[in-house]
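Contents: one structure, followed by commentary.
Computed from the coordinates by the stated procedures, all read-outs in this text should not be read as laboratory data. Owing to the predicted nature of the structure, the values given are computational and were not obtained by experimental measurement. Backbone-built Cβ (ideal geometry, glycine too); neighbour counts: all protein chains shown.
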Amino acid sequence: MRQTLVAGNWKLNGSKESIEELLKGVLSGMSEVKSDVAVCAPYVYIPLVEELLKDTDVAFGSQDISMYESGAYTGEISGAMLTDFSCKFSIVGHSERRTLFGEKDADTAKKFAAAQKYGLTPILCVGELLEERENGTTEAVVARQLDAVINLVGVEALEKAVIAYEPVWAIGTGKTASPQQAQDVHAFIRSKIANLNKSVAEKIQILYGGSVNGGNADELFAMPDIDGGLIGGASLKADDFLAICQAG
Ligand code: 13P
């Protein structure tokens with residue numbers, strides 16, 4: 001049995017005050033949570049998050065990572081910097097990085113490798129656009145996004161990684177993929193990995209992301225290949241996030 005993981009992705013949201021209130025709220029409800037829980041904060045708040053989550057069961061991470069280690073790369077944040085603050089996870093290849101900031105499959109793969117080099121667990125996001133779903137290329141798109149990573153680091157590297165399937169049309173739209181739609185893509189991802197390495201495929205946690213909330217998390221997490229969620233909007237309010245963490 002794979003452990004369920006619920007990770008919050010705060011995106012470009014929060015302030016010192018709101019983050020303190022949010023994390024205090026989340027921590028106060030953790031005794032009823034069986035899932036693993038993590039939050040991915042904007043870079044500047046990571047030291048504050050580290051302090052607030054010290055000696056707790058809530059892990060934390062970044063929303064991105066540089067593919068570079070150090071040097072003349074203005075504005076970048078490296079794996080070494082993140083591990084200096086005890087980060088556990090780095091999201092890589094989020095669709096907002098891909099579609100709004102022009103991140104290519106090959107860039108995502110390099111970021112995945114950079115995270116692992118420093119002992120961070122990459123949360124590799126994959127998922128199709130609405131037009132790709134409508135023209136029947138969902139599996140081809142997800143396969144291409146996965147292959148870019150597997151070709152660079154090898155399938156065994158997925159043993160220390162998490163995958164998040166996030167259909168782009170379901171992100172922030174209130175339009176969740178149905179449990180069966182999500183399950184179909186999760187099963188496709190797992191079988192694709194199993195063709196290369198069965199044991200890695202059995203172990204890897206595949207999260208679903210896209211308008212998950214307290215009302216739909218149970219049904220989604222009950223699907224055999226859905227091992228938790230990557231949560232945007234609903235991770236910004238303690239009660240909403242806790243309701244998801246308590247599901248599954
Ligand atoms: P929403 O939960 O706001 O749809 O965002 C999902 C997401 O992009 C998490 O990374």
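Remark: for residue pairs Lys54/Lys237; Lys24/Lys88; Lys11/Lys237, the C-alpha separation exceeds 25 Å in no case. Ordered by the count of other Cβ atoms within 10 Å of each Cβ, fewest first, Thr138, Thr99, Thr108 give Thr99, Thr138, Thr108. Projecting the Cα atoms of Ile123, Ser95, Val26 onto the charge dipole of segment 1-142, computed from C-beta unit charges around the Cα centre, puts Ile123 farthest toward the positive end.
Computed over the Cα atoms of the chain, the ratio of the radius of gyration to the Kirkwood radius (Rg/Rh) comes to 0.94. Projecting the Cα positions of Thr56, Gln246, Ser15 onto the charge dipole of the chain (unit charges on Cβ atoms of Lys, Arg, Asp and Glu, taken about the Cα centre) puts Thr56 furthest along the positive direction. Per-residue Cβ neighbour counts within 10 Å put Met30, Met67 in the sequence Met30, Met67, beginning with the fewest. Note: relative contact order over segment 1-109, using C-alpha pairs below 8 Å and six or more positions apart, is 23 percent.
Taking the Cα centre of segment 1-153 as reference, the dipole from Cβ charges on Lys and Arg (+1) and Asp and Glu (-1) amounts to some 220 debye. In angstrom, the C-alpha Rg and Dmax of segment 124-211 are 12.6, 35.
Sorted on the mean count of surrounding Cβ atoms within 10 Å across their residues, most packed first, peptides 37-47, 206-216 read 206-216, 37-47. Thinking of segment 5-62 as a set of Cα atoms, what percent of all their pairs are more than 12 Å apart? For segment 5-62, the fraction of Cα-Cα distances above 12 Å is 63 percent. For the listed peptides 156-165, 77-86, a ranking on the average number of other beta carbons within 10 Å per residue, highest first, reads 156-165, 77-86. Ranking of Asp55, Asp184, Asp225, Asp239 by neighbouring Cβ atoms within 10 Å, starting from the fewest: Asp55, Asp239, Asp184, Asp225.
Using the Cβ-Cβ distance between Thr137 and Lys104 with R0 = 25 Å, the FRET efficiency computed as 1/(1 + (r/R0)^6) comes to roughly 0.90. A crude spin-label estimate for the pair Ser191 and Ser28, with each label 7 Å from Cα along the Cβ direction, gives 4.7 nm. Taken over the alpha carbons of segment 87-130 as equal point scatterers, the Debye sum produces base-10 log I(q)/I(0) values at 0.15, 0.20, 0.22, 0.31 Å⁻¹ of -0.34, -0.58, -0.68, -1.09.
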